[in-house]
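Trainee: I'd like to ask some things about the structure below.
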Amino acid sequence: MNDDRKPWLIVLLPLMLGLALAAGFLAGARFGTPRVVNTGLFSFHRDRPIDKLDQVIELIDRNYVDSVREGELVDQVLQDMLQKLDPHSYYISAAELNAVQEPLKGSFMGIGVEFSIQHDTIVVITPVEGGPSDKLGIRAGDRILSADGKSLAGVHVTNDEVMKALRGDKGTKVTVAILRHNAKPFDVVIERGEIPINSVAAALIDPDGTGYIKLSRFAMTTEEEFDRAVDHLMGLGMKRLVLDLRGNGGGYLNAAKALCDRLLPAGRRILYTEGRASPRKDLFAEGGGPLTSMPLAVLIDEGSASASEIVAGAIQDNDRGIIVGRRSFGKGLVQEHMDLPDHSAVRITTARYYTPSGRSIQRPYGEGIDYDDDLSERFDHGEFLSPDSIHVDSSLRYTTLNGRTVFGGGGIMPDLFVPADTAERSAYLTELLFTGAMNQFAFELAEQERERLEAMGSPDRFNREFALGPATLDRFQTEAEKLGVRRDPNGFARSSRLIATRIKALVARNIWKEPGFYRIALGDDGIYKAARTALDQATTEKR
């Protein structure tokens with residue numbers, strides 16, 4: 001995460017200079033009167049440990065038996081060195097930097113289509129609203145055959161190849177060959193432009209006034225998107241809010257603060273940060289707006305990290321709403337982003353996040369701890385099924401604003417635990433998900449019935465009137481077999497309801513994008529249902 005605190009650059013300057021030495025930026029620079037050790041091949045200047053990196057890289061460059069790509073070697077050394085510090089300090093090469101930053105910038109440059117590769121053919125799922133392709137009349141279901149004369153159909157094309165062909169600098173043009181249903185192929189010249197990457201995946205409302213906002217990331221555009229979603233739902237009569245942060249891996253601290261400003265009364269502490277070289281800094285909510293007193297539930301799971309945990313922790317410690325789901329990821333280290341002269345960058349941990357009650361969000365790491373395997377260990381220990389399986393360190397006891405007891409130790413424990421639904425899961429379902437069989441079948445089904453489905457007008461009507469009958473589900477199993485998923489009568493019998501719901505939601509996504517998907521999926525969502533029930537009970541108790 002990055003909270004744009006430039007003064008920290010001064011604190012980290014010595015380390016940055018050390019990194020520059022390692023990369024050869026200050027090669028040959030010496031300070032003081034170093035001791036010199038002659039190895040017969042090379043004279044080492046032995047004044048600081050960091051100088052060894054510069055010297056060894058030069059030694060390799062002069063004497064190694066084969067030619068070496070020095071830049072790649074330095075990149076690897078830097079990455080390994082930073083990873084030794086903690087799990088979240090890392091080096092980003094110049095080639096990777098844009099791809100890493102893009103999801104948090106809120107936009108990228110391209111032609112503006114969501115696509116899927118079906119049977120070695122690029123199929124437009126939907127043009128991005130207001131983007132270059134949308135303005136030119138590109139439609140859902142169009143096939144992209146080539147870009148600037150390079151064939152993209154029937155050649156085992158990959159997602160990476162498609163993006164390289166279609167993305168580019170703003171203002172550049174690409175000639176795309178399009179195949180449309182019942183028409184001859186035709187060329188379209190598309191001028192690339194800025195394409196938004198949305199933070200708010202869906203904003204829906206139920207008839208009883210329960211609003212639902214699915215937030216996918218904390219990006220530069222999150223504050224503006226969230227405000228638009230709230231205004232929309234308030235206009236439809238929202239009386240309470242369910243904020244879904246499941247699977248949200250975080251992003252910018254400023255975006256998390258902006259969200260808390262809208263959810264917490266003015267003056268409430270959001271968090272504080274503190275590190276060895278970083279004095280304590282507290283953030284407080286500015287408050288204001290209709291949400292500060294609205295009944296609130298926040299949904300989290302093991303994929304909710306960093307900024308998501310900041311928001312959930314602030315809501316929980318201030319007794320502002322109810323946290324529903326499963327224990328969050330446990331990422332509470334503050335990274336500062338530092339650009340290097342060759343357009344690469346480092347992100348270095350400089351402090352820790354603490355919730356208002358003083359809990360550290362960060363779960364343990366270090367020697368003897370398999371940090372990357374934590375989620376599978378949670379599953380093996382039964383944590384996804386029962387809160388009793390979670391190890392709670394009683395020494396890390398904290399108190400919320402109203403005196404409730406909460407525990408530290410990493411991550412945010414929900415107020416209302418909802419186990420993972422395994423009763424209808426099967427190996428057959430897992431294989432279907434990993435092969436993309438349901439995505440492909442749902443797309444083809446939507447294409448076959450697009451005119452009828454679009455005539456329904458809304459996901460709500462679609463949800464009421466559309467159903468997958470036995471014949472359709474049997475046809476799906478046949479199509480899945482063609483993709484290598486063998487029929488499994490027992491597995492299908494166990495998971496048939498989940499399979500049908502998933503395909504229906506994916507069909508809705510192909511017609512109405514993400515809002516369509518979530519309108520269907522929420523009807524079978526145990527965590528969302530539990531949050532609704534909890535809000536009902538809280539409302540009844542206040543009456």
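The values are calculated or read from the model by the stated rules, or taken from the named source; none is laboratory data. Only a predicted model underlies this, so the values are computations on that prediction, with no experimental measurement involved. Ideal geometry is used to build each Cβ from the backbone, glycine not excepted, and the neighbour counts take in all protein chains shown. These area figures cover heavy atoms from the full protein model, side chains too; ligands, DNA and RNA do not enter into them. Shrake-Rupley method; radii C 1.70, N 1.55, O 1.52, S 1.80 Å.
Trainee: Within the set of pairs 6 or more residues apart or between chains, which connect a residue that is on the phi > 0 side of the Ramachandran plot inside the range 438-466 to a residue that is assigned to a helix (DSSP H, G or I) and buried (at least 16 other Cβ atoms within 10 Å of the Cβ) with Cβ atoms less than 9 Å apart?
Mentor: Short answer, once both residue conditions are applied: none.
Trainee: Looking only at the range 185-208, how many residues end up being within 23 Å of Glu223 (Cα to Cα) and of a type outside the set (Ser, Thr, Tyr)?
Mentor: Of the residues in the range 185-208, 12 are within 23 Å of Glu223 (Cα to Cα) and of a type outside the set (Ser, Thr, Tyr).
Trainee: So, of the residues in the range 411-459 that are in contact with a Leu (Cβ under 9 Å, 6 or more places away or on another chain) and open to solvent by 50 Å² or more (accessible area, probe 1.4 Å), which turns out to be nearest to Thr355 (Cα to Cα)?
Mentor: Pro419
Trainee: Could you say which residue among Ile111, Ile57 is within 30 Å of Pro185 (Cβ to Cβ), open to solvent by less than 50 Å² (accessible area, probe 1.4 Å), modelled with pLDDT of 80 or more and in contact with a Leu (Cβ under 9 Å, 6 or more places away or on another chain)?
Mentor: Just a single option satisfies the conditions, and that option is Ile111.
Trainee: Another one. Which of the residues spanning the range 147-174 are small (Gly, Ala, Ser) and either open to solvent by 20 Å² or more (accessible area, probe 1.4 Å) or in contact (Cβ under 8 Å) with a residue 60 or more places away in the chain (or both)?
Mentor: The answer is Gly149, Ser151, Ala153, Gly154, Ala165, Gly168, Gly171.
Trainee: Something else: Pick from the range 232-274 the residues that are closer than 16 Å to Ile310 by Cα, of a type outside the set (D, E, K, R) and part of a helix (DSSP H, G or I): which of them is farthest from the chain's Cα centre (by Cα)?
Mentor: Ranking the qualifying residues of the range 232-274, first place goes to Leu263.
Trainee: Just give me the residues in the range 260-300 being closer than 19 Å to Arg359 by Cβ, modelled with pLDDT of 95 or more and in contact with a helix residue (DSSP H, G or I) (Cβ under 8 Å, 6 or more places away or on another chain), in sequence order.
Mentor: The answer is Cys260, Leu263, Leu264, Arg268, Arg269, Ile270, Leu271, Leu283, Ala285, Val298, Ile300.
Trainee: What is the one condition in (1) free of Cβ contacts under 8 Å to residues at least 24 places away in the same chain; (2) β-branched (Val, Ile, Thr); (3) surrounded by 11 or more Cβ atoms within 10 Å (Cβ to Cβ) that Ile197 does not satisfy?
Mentor: (1)
Trainee: Pick from Asp339, Asp282, Asp301: which is in contact with a strand residue (DSSP E or B) (Cβ under 8 Å, 6 or more places away or on another chain), among the charged types (D, E, K, R) and buried (at least 20 other Cβ atoms within 10 Å of the Cβ)?
Mentor: Among Asp339, Asp282, Asp301, only Asp301 is in contact with a strand residue (DSSP E or B) (Cβ under 8 Å, 6 or more places away or on another chain), among the charged types (D, E, K, R) and buried (at least 20 other Cβ atoms within 10 Å of the Cβ).
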